[in-house]
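Chemist: Below is one structure. I have some questions about it.
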Amino acid sequence: MDMAFDAQTEVSDEALLVAFGNGDREAAAMLTARLAPRVLGFAARMLGGDRHEAEDVTQEAMLRLWKIAPEWRQGEAKVSTWLYRVTSNLCTDRLRKKRGVDIDAIPEPADDAPGVAAGMMQAARARALEAALAELPERQRIAVTLRHLEGQTNPEIAEVLEISVEAVESLTARGKRTLAALLGHRREELGYVED
């Protein structure tokens, strides 16, 4: 699949997966470069910032994608949606095995923010959000994370969770209300003050 870099970005995920299924290793490299960082970020958020666990989940999800590549049927699902569903399931499985782990025992992701004070505030906000997300029921946490942190559309989330778009809207609305209730009393502490 020899093509210029600009042309590579125009090739769909589905076309790259089919090409890999037909033996094109370059297509796999391009698809990995495109999707793995997004999957890693999603997995890290789902696993409370545990980068090592997220890397393991990402690797497993990508391996599963490569295994199904020869049988992939274009038009039935988006590759990214399928991959988010697999990642969500893998994260859920890992979280179920780790029940009882103290949220404070989970290491925070590295912060590249400029300035110590800004970095500390950003880290405090991230910890507060991670802790609040952990309080949500599992399906609400997945829906809120995919919608507001991963930027997925409601129909894409519905496909990942295998529910209706209306159910996704309900899950995200309830999740946002719960997060607001959990974090509302900490607005000033987290630097969200009105002038």
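The values are calculated or read from the model by the stated rules, or taken from the named source; none is laboratory data. All values derive from a computational prediction rather than experimental measurement. Glycine gets a Cβ as well: all are built from the backbone with ideal geometry, and neighbour counts include every protein chain shown. With ligands, DNA and RNA removed, areas are computed over all heavy atoms of the protein, side chains included. Shrake-Rupley method; radii C 1.70, N 1.55, O 1.52, S 1.80 Å.
Chemist: Just one of (1) in a helix (DSSP H, G or I); (2) under 29 Å from L136 (Cβ atoms); (3) out of contact with any Leu (no Cβ under 6 Å at 6 or more places or on another chain); (4) not β-branched (V, I, T) trips up A15, so point out which.
Modeler: Failing condition for A15: (2).
Chemist: Another question, then. Yes or no: A123 surrounded by 13 or more Cβ atoms within 10 Å (Cβ to Cβ), modelled with pLDDT of 80 or more and not β-branched (V, I, T)?
Modeler: Here the answer is no, as A123 does not meet what is asked.
Chemist: Name the residue, out of E55, E60, E130, that is surrounded by 14 or more Cβ atoms within 10 Å (Cβ to Cβ), at pLDDT 90 or above and either more than 18 Å from the chain's Cα centre (by Cα) or over 22 Å from L16 (Cα atoms) (or both).
Modeler: Residue meeting the stated conditions: E55.
Chemist: Does segment 133-158 hold any residues that are over 17 Å from T92 (Cα atoms), touching a residue at least 24 places away in the same chain (Cβ under 8 Å) and open to solvent by 50 Å² or more (accessible area, probe 1.4 Å), and which are they?
Modeler: Within segment 133-158, R147, H148, L149 meet the criteria.
Chemist: Something else now. For segment 28-38, does any single residue satisfy the condition of being surrounded by fewer than 16 Cβ atoms within 10 Å (Cβ to Cβ), modelled with pLDDT of 90 or more and either at positive phi or under 15 Å from the mean Cα position of the chain (by Cα) (or both)?
Modeler: yes
Chemist: Another question, if that's okay. Restricting to segment 162-180, give me the number of residues that are hydrophobic (A, V, I, L, M, F, W, C), in a helix (DSSP H, G or I) and modelled with pLDDT of 90 or more.
Modeler: Qualifying residue count for the region: 5.
Chemist: Within segment 66-79, which residues are open to solvent by less than 50 Å² (accessible area, probe 1.4 Å) and touching a helix residue (DSSP H, G or I) at 6+ places or on another chain (Cβ under 6 Å)?
Modeler: A69, W72, V79
Chemist: Of all residues in segment 158-193, which are among the β-branched types (V, I, T) and more than 14 Å from R141 (Cβ to Cβ)?
Modeler: I163, V165, V193
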